[in-house]
Structures are given as structure tokens and as C-alpha cells.
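Worksheet: the structure to be examined is printed underneath.
The values are calculated or read from the model by the stated rules, or taken from the named source; none is laboratory data. A quick note: this is a predicted structure, and the numbers were derived from the prediction, not measured. Cβ atoms come from the backbone with ideal geometry, glycine included; neighbour counts cover every protein chain shown. These accessible areas exclude ligands, DNA and RNA; they are computed on the full protein's heavy atoms, side chains included. Shrake-Rupley method; radii C 1.70, N 1.55, O 1.52, S 1.80 Å.
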Amino acid sequence: MLLLRSGVASALVGCLALTACANWSVDPPPPTYDVRSATVVADHALPPVSPVLIEAVNDRVNAAIAATNHNTALPQVTLTVRLSDVRKGRSFNQDRNSAKVNIDAASLDGGAVIAMASFDMATTAPDHATADELMAEDIAARIRSIFSLNTPRLAN
């Protein structure tokens with residue numbers, strides 16, 4: 001009985017040691033960039049992308065860039081955000097909105113694209129009047145997360 005308890009205890013200690021080692025990350029952190037500006041455009045699509053959505057995303061992303069401290073040691077880039085496949089009023093209740101977003105980060109030194117990101121987003125907006133604003137905030141929040149931008153302060 002004593003032998004069984006010591007075997008169980010050593011097995012438990014071994015499992016805890018392996019679990020602790022499994023949490024170590026060998027992947028390097030993703031690269032960060034010094035984002036200097038952003039331009040939001042829409043792919044030619046039917047139905048066309050709302051100008052309100054394009055302007056709202058542009059304003060939010062550029063406000064986040066302005067709120068972020070610039071680090072000259074990082075590669076300086078400018079973002080081109082392309083909105084495509086924007087669909088509003090989907091589902092039975094006509095409250096589901098979705099978009100595909102593609103981002104190119106181009107170097108300020110020569111203009112070569114040095115990073116790309118792409119994501120799909122979906123929002124639920126029961127009021128059609130606020131759908132563009134909700135989509136814009138969700139898209140901007142995801143871009144802030146990807147490129148380590150600060151969230152701007154709310155206006156008074």
C-alpha cells in the first residue's frame with residue numbers, strides 16, 4: 001500500500017512538471033510596427049460599401065494611430081485597409097452584418113508591403129441606423145489589436 005502511494009505521488013509530480021514545461025512558448029512574439037497612417041478603401045462590390053462605414057473606420061484607425069506613441073526603432077509602415085464582401089441585414093431577423101477585411105502594411109522606405117493581415121468580422125445590430133458604426137468599431141478594434149495601437153480617449 002505504501003509502495004502504491006509513493007508511485008501515485010511520483011506520477012503526480014511528473015505530470016505537474018510536464019504541465020509546467022508545456023506552458024513555455026517557443027514561438028517568438030509577432031513583429032510590431034510603427035504605424036504612421038492608414039487609408040481605408042472598399043473593393044468594388046455589389047451592393048457598394050457604405051461611405052459612412054469607410055469614413056468611420058478611417059477616423060477610428062487614424063485616431064488610434066495618433067494616440068499611440070511612436071517608436072523610431074520599429075519599422076515605419078502605413079496601412080491600407082480594404083473592406084470587401086460587406087453584407088448587411090442578413091439572417092432571419094435582418095440584424096447580422098459581416099465584412100471581410102484585408103490589411104497591407106507598406107514600408108515608408110520604398111513602399112514595399114512587409115506585412116499582411118486578413119480577417120472576417122460579424123456584428124449583430126438590431127437597429128439598421130447603427131449598423132455602420134458598430135461594424136466600424138469592431139473593425140477598428142481588431143486593427144488596434146493586430147498592430148498594437150492604443151485606444152483613443154473618448155471625446156468630451
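Observations on the model:
- Considering S50, S37, the condition of being more than 12 Å from V86 (Cβ to Cβ), surrounded by 13 or more Cβ atoms within 10 Å (Cβ to Cβ) and either modelled with pLDDT under 90 or of a type in the set (S, T, Y) (or both) is satisfied by S37 alone.
- Filtered by the rule that a residue be open to solvent by 80 Å² or more (accessible area, probe 1.4 Å) and under 18 Å from R82 (Cβ atoms), the stretch 114-129 gives M116, D120.
- Flag for A105 being within 21 Å of I65 (Cβ to Cβ), modelled with pLDDT of 90 or more, more than 10 Å from the chain's Cα centre (by Cα) and buried (at least 18 other Cβ atoms within 10 Å of the Cβ): yes
- Qualifying residue in the stretch 83-99 (condition: open to solvent by 50 Å² or more (accessible area, probe 1.4 Å) and either modelled with pLDDT of 90 or more or in a helix (DSSP H, G or I) (or both)): no
- If the condition is being under 17 Å from V49 (Cβ atoms) and not aliphatic (A, V, I, L, M), then the stretch 97-129 contributes N97, S98, K100, N102, S118, F119, D120, T123, H128.
- Some residue of the stretch 126-139 being in a strand (DSSP E or B) and not aromatic (F, W, Y): no
- Test: I103 is among the hydrophobic types (A, V, I, L, M, F, W, C) and in a strand (DSSP E or B): yes
- Odd one out for L3, checked against (1) under 30 Å from S107 (Cβ atoms); (2) modelled with pLDDT under 90: (1)
- If only residues of the stretch 130-156 that are more than 19 Å from E55 (Cα to Cα) and touching a Phe, Trp or Tyr at 6+ places or on another chain (Cβ under 9 Å) are counted, the one that is surrounded by the most Cβ atoms within 10 Å (Cβ to Cβ) is F147.
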